[in-house]
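Here, each number is a calculation from the coordinates, and none is a lab measurement. As the structure is a computational prediction, the values presented were derived from the model and not from experiment. Here Cβ is always computed from backbone atoms with ideal geometry, including for glycine, and neighbour counts include all displayed protein chains.
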Amino acid sequence: MNISSEKAEFKDGKFETVVIGLFEGADLPSGYVKQLDQALGGTIEDLVINRKFKCTLNQTHLIYTRGMKTGRILLIGLGKYDQFNTEKVRSASGNAALKIKEYNTNSYAVLVFGEGCNVPINDIIQDLVFGAELSLYSFDRYKTKIDREKVDVDKLVILVNKHENFSIAKRSIIAATSVVDGVKVARDLSNMPGNYCTPTILANVALDISRKHGLACKILESRDISRLKMGGLMGVSSGSREPPKLIVLEYRGGNTNEKPVVLVGKAVTFDSGGISIKPADKMEQMKHDKSGGTTVIGTMQAVADLKLPLNLVGIVPVTENLLGGDSYRPGDVLTFYKGKTAEIINTDAEGRLILADAISYSLDYKPQAIVDLATLTGACVIALGNVASGLFSNNDELRDRIVRAGEYTGERVWEFPLWKEYSEQIKSDVADIKNTGGRGGGAITAAAFISEFVENYPWVHLDIAGTAWVQDNSMGKSYLPKGATGVGVRLLTQMLQNWKKLSSNS
Ligand code: BES
Ligand code: MN
Ligand code: ZN
């Protein structure tokens, strides 16, 4: 979508469709809205003053004009003024965009919501862009019949009143667009089915993105992975004909001697469970088991486009988890990159095995911080539902940054304890550790397994099993259409936009 900003001066016929956000119980704003309402002969004032339109959040009312060239005016409620925040901007902007699409209109203008309120204007504009772009996202590349009656909404003009906000608006639109593009990359790749997005194809896409966005990219092939003795990644991939890959993307925006932040993302292009096979019900959703990795790829692209002043490395172990004559088995012992061993109890607990190798590999960069993302456990979905991602950490400062970015972006996280008692559950009789910890605390014992590989580096693990795609109890947000959400891209970019060295070290 083409998004631009303009000075808010009402001129009839300049736009076919205009969206106006209004606060509950507030007077009609002066300036643009008053001018527009004059042209309408007072319709908006009548609706608002007489409480025919209450302006509760996301309530809409469409005015078809008479005798005007501006054909439609969509009013959207923003709720109470003192409860206004960035989530409401995304939500209302998304709902407005979906209405516009319903009207079969290809372009529209939005008067910036709440200009002059205490939410910073750059955030409001950024979230207007997020709401519109992310709600209109659709994944239909495998549909052969597209509805030719429906037009695409391809142009949005954001109208800004205050002169001093013009340059901010321009910059915010550009920045938000880079982030949106990253989210779309993550969503597209996560939505791709297992037969179209194999490990090889995912690696090729990452390579292609790295060329277009100025990242360094290295793909470790099957032979490199076995030469480096990454037994976790090799073991999980052994039941598949598709060779595993380790994607390494590097972005250098900081000083050459500055240590990087590393992002590690689980990418299982399809998780059948392996020999410990999953039940058939909803197994098709396991094409999304690569979402941690696809979020890392999308975030790397966004950070490169934003030219952020830091060094960042993205590491994505990619494999299928299938079953066959060469599969790894329950009872097997695998040896990871740095020599630690694990007994396999359940081949469906595969994510932690490939993360163990990838995180161990990331330590070779001596990172200032490690953040890993993975659709790791059903137990996390039981605990938190589809509302927040699980967070596990060994570093309070890094944790706080992610929690803050989570509140801010609406990609919320909730911390679980990582007390050493939980590590008792993954002790093995035959190897250093085992890959499952019994029924209790499944999300935590999975995190405890990963923690064995981070040494003393500041680390956060995000279990995105409940948030990576829209599931039964996902929140019905306008900007989260069915399928992959791209969760983590906005969260991580937000954190990295304000990145400063951590003062504490673990
Ligand atoms: N990819 C799954 C976790 C998952 C399940 C994500 C449902 C999203 C929705 C992971 O590889 C897995 O199978 N985990 C097992 C671990 C168990 C065997 C210890 C699980 O959660 O059941
Ligand atoms: Mn699994
Ligand atoms: Zn999995």
Item to check | Highest to lowest packing among 97-107, 310-320, 130-140, scored as the average C-beta count within 10 Å | outcome: 310-320, 130-140, 97-107
Item to check | J(HN,Hα) series, segment 299-309, from Karplus relation 6.51 cos²θ - 1.76 cosθ + 1.60, nearest Hz, glycine and proline x | outcome: 5, 4, 4, 4, 5, 5, 5, 7, 6, 5, x
Checklist outcome for this item: The correct pair for the chain, radius of gyration to one decimal and Dmax as a whole number, both in Å and from Cα atoms, is 24.4, 83
Item to check | Of 99/282; 307/500; 184/500; 340/427; 287/366, those spanning more than 22 Å from alpha-carbon to alpha-carbon | outcome: 99/282; 184/500; 287/366
Item to check | Computed over the chain: relative contact order in percent, which uses C-alpha pairs under 8 Å that are six or more apart | outcome: 15
Next on the checklist: For the chain, give me the percentage of DSSP beta bridges that are antiparallel, rounded to the nearest 5 percent.
Outcome noted: 40
Checklist entry - Residue farthest toward the positive end of the dipole of segment 1-40, with Cβ of Lys/Arg at +1 and Asp/Glu at -1: which of 29, 2, 17? => result 2
Checklist outcome for this item: When the charge dipole of the chain is computed with +1 on Lys and Arg Cβ and -1 on Asp and Glu Cβ about the Cα centre, the Cα farthest towards its positive end, among 44, 300, 189, belongs to 44
Checklist outcome for this item: In segment 63-187, taking the dipole from +1 charges on Lys and Arg beta carbons and -1 charges on Asp and Glu beta carbons about the Cα centre, the listed residue (144, 77, 106) farthest towards the positive end is 144
Checklist entry - Arranged from highest to lowest average of other beta-carbon atoms within 10 Å per residue, in what order do the peptides 112-121, 333-342 appear? => result 333-342, 112-121
Checklist entry - When ranked by the protection proxy of mean other Cβ atoms within 10 Å per residue, highest first, what sequence do the peptides 266-279, 350-363 form? => result 350-363, 266-279
Next on the checklist: To the nearest 20 Debye, how big is the dipole of the chain about its Cα centre, given +1 on the beta carbon of each Lys and Arg and -1 on that of each Asp and Glu?
Outcome noted: 920
Checklist entry - Ordered by residue, what ³J(HN,Hα) values in Hz, to whole numbers, does segment 185-196 give under the Karplus form 6.51 cos²θ - 1.76 cosθ + 1.60, where θ = phi - 60° and Gly and Pro are x? => result 4, 4, 5, 4, 5, 5, 6, 5, x, x, 7, 9
Checklist entry - Once you charge only the Cβ atoms, +1 for Lys and Arg and -1 for Asp and Glu, what is the size of the charge dipole of segment 108-208 about its Cα centre, to the nearest 20 debye? => result 200
